[in-house]
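I have placed the structure first, in the form of structure tokens, so that the comments after it can refer back to it.
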Amino acid sequence: LYYEQDRFDEAEERFEEALRICLVVVGEGSESVAILCANLGKIYDRQGRLDDGLRMQKRALRVYRRVHGDGHDSVASALCNVGNLLVRKGELERAMGKFGEAHAMYVGLHGEDHENVAKVLGNMANVLNFQGKGAEALAMQQKALDIKRRTLGSDSDDVAISLLNLGALYRGQGMLEDALAMYEEG
């Protein structure tokens with residue numbers, strides 16, 4: 001509740017206390033520990049404490065892997081959380097590696113047509129754009145949009161966000177008519 005109210009200091013205190021208790025009661029190898037670490041990582045990220053956030057997201061990833069092994073949605077999601085923090089720190093190659101691993105995991109679990117596959121493709125498109133690879137970013141963002149349309153329907157908020165992201169990529173490439181079309185559809 002504190003997190004949703006942007007009361008991050010209070011949220012941090014509660015999650016740290018919960019983590020301490022959880023470690024005593026169930027130990028490091030519990031999914032509850034992974035969830036608490038991931039939540040703390042998000043809080044630290046929102047506070048601008050990227051190194052602390054990354055440390056906690058990596059810890060969550062290690063615990064999820066210990067609990068589930070590779071090839072689980074929680075592990076793939078944790079890989080995306082690590083990747084997102086690496087992007088914020090400007091470590092684009094490392095972020096792309098985490099997103100690539102998550103993508104392969106999601107495809108293995110669900111096939112190509114799944115909303116989580118689309119989300120990670122969108123993350124990868126953002127990295128490609130930051131790396132100055134606009135054409136590759138456009139293709140990947142378009143693929144993400146196509147998957148979201150098939151899996152979520154054209155009226156989904158996620159589809160609208162993808163349309164806006166695609167419009168921004170077109171605008172960045174100087175393709176203003178295409179950008180306008182995406183913005184109008186979104």
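All of the numbers you see were taken from the coordinates with simple rules; none came from a lab. Note that the structure is a prediction, hence the values are computed from the model and not measured. Here Cβ is always computed from backbone atoms with ideal geometry, including for glycine, and neighbour counts include all displayed protein chains.
Some observations on this one:
- The share of Cα pairs per 10 Å bin across region 1-111, counted from zero up to the longest distance, runs 16, 43, 33, 9, 0 percent.
- Each eigenvalue of the Cα gyration tensor of region 114-186, multiplied by 5 and square-rooted, gives one semi-axis; in descending order these are 18, 15, 7 Å.
- Sparse-neighbourhood loop sites, GluC sites (Glu not before Pro) in region 1-52 - DSSP loop, at most 11 other Cβ within 10 angstrom: E4
- Inverse of mean 1/r across different Cα pairs in region 66-105, Kirkwood, Å: 10.0
- Residues of region 70-94 with an amide N closer than 11 Å to a point placed 7 Å from the Cα of E136 along the Cα-to-Cβ direction: 93.
- Under 17 Å from the M175 label point (7 Å along Cα→beta-carbon), backbone N, region 108-131: 122, 125-131
- Computed over region 62-186, Kirkwood Rh from alpha-carbon pairs, angstrom: 14.8
- Order of D73, D45 - criterion: other Cβ atoms within 10 Å of each residue's Cβ, fewest first: D73, D45
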